[in-house]
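Take a look at the structure set out below.
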Amino acid sequence: MLKKKQECGNKMPLPLQPQHDSRKSFYGKANVLYQEGKLILESYGTKVAEIVNGKPRVFGTYSTTTLRHIKEFLKQNGFKAENINQIIKDYGASEYGNGSDGLNVSKETKVWN
């Protein structure tokens, strides 16, 4: 669990290690960093979730693998992460992403069912 600045450095990303997921590793595709008071999750190089002042925010679920990363990140930090519908409802995510990374993600770019 990465909650403290001392554990994940200032801007140095650390790989997210599975603790709740059946995978043995995410193979460097999911990283956590602490930056400007935020605990940030990046999946495949894209910022997909953050925790600020104890409140999680998810920017989009993007793909099934990224959803796994988000669920692991939330659970490791003490938050509920049951399924895509609950995550979208509770943490402001959209199914396709909401352009938080500067991209306008549209329904046409959806990569999974």
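The values are calculated or read from the model by the stated rules, or taken from the named source; none is laboratory data. These numbers were taken from a predicted model, which means no experiment stands behind them. Note that we place each Cβ from the backbone using ideal geometry, even for glycine, and neighbour counts take in every protein chain shown.
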Being closer than 17 Å to A81 by Cβ and free of Cβ contacts under 8 Å to residues at least 12 places away in the same chain is the filter; apply it to region 30-64 and report the residue that is surrounded by the most Cβ atoms within 10 Å (Cβ to Cβ).
I40
Name the residues in region 44-63 that are in contact with a helix residue (DSSP H, G or I) (Cβ under 7 Å, 6 or more places away or on another chain) and of a type in the set (A, V, I, L, M, F, W, C), would you?
V48, A49, V58
Only one residue in E42, E50, E36 is modelled with pLDDT under 95 and either within 15 Å of the chain's Cα centre (by Cα) or of a type outside the set (K, R) (or both), so which one is that?
E36
Members of region 57-81 found to be closer than 14 Å to T46 by Cα and either hydroxyl-bearing (S, T, Y) or part of a loop (DSSP other than H, G, I, E, B) (or both), listed by number:
F59, G60, T61, Y62, S63, T65, T66
Which residues, counting only those in region 1-20, are modelled with pLDDT under 95, surrounded by 16 or more Cβ atoms within 10 Å (Cβ to Cβ) and assigned to a loop (DSSP other than H, G, I, E, B)?
L2, P13
Matching residues, region 84-99, being outside any helix (DSSP H, G or I) and either modelled with pLDDT of 95 or more or among the aromatic types (F, W, Y) (or both):
Y96
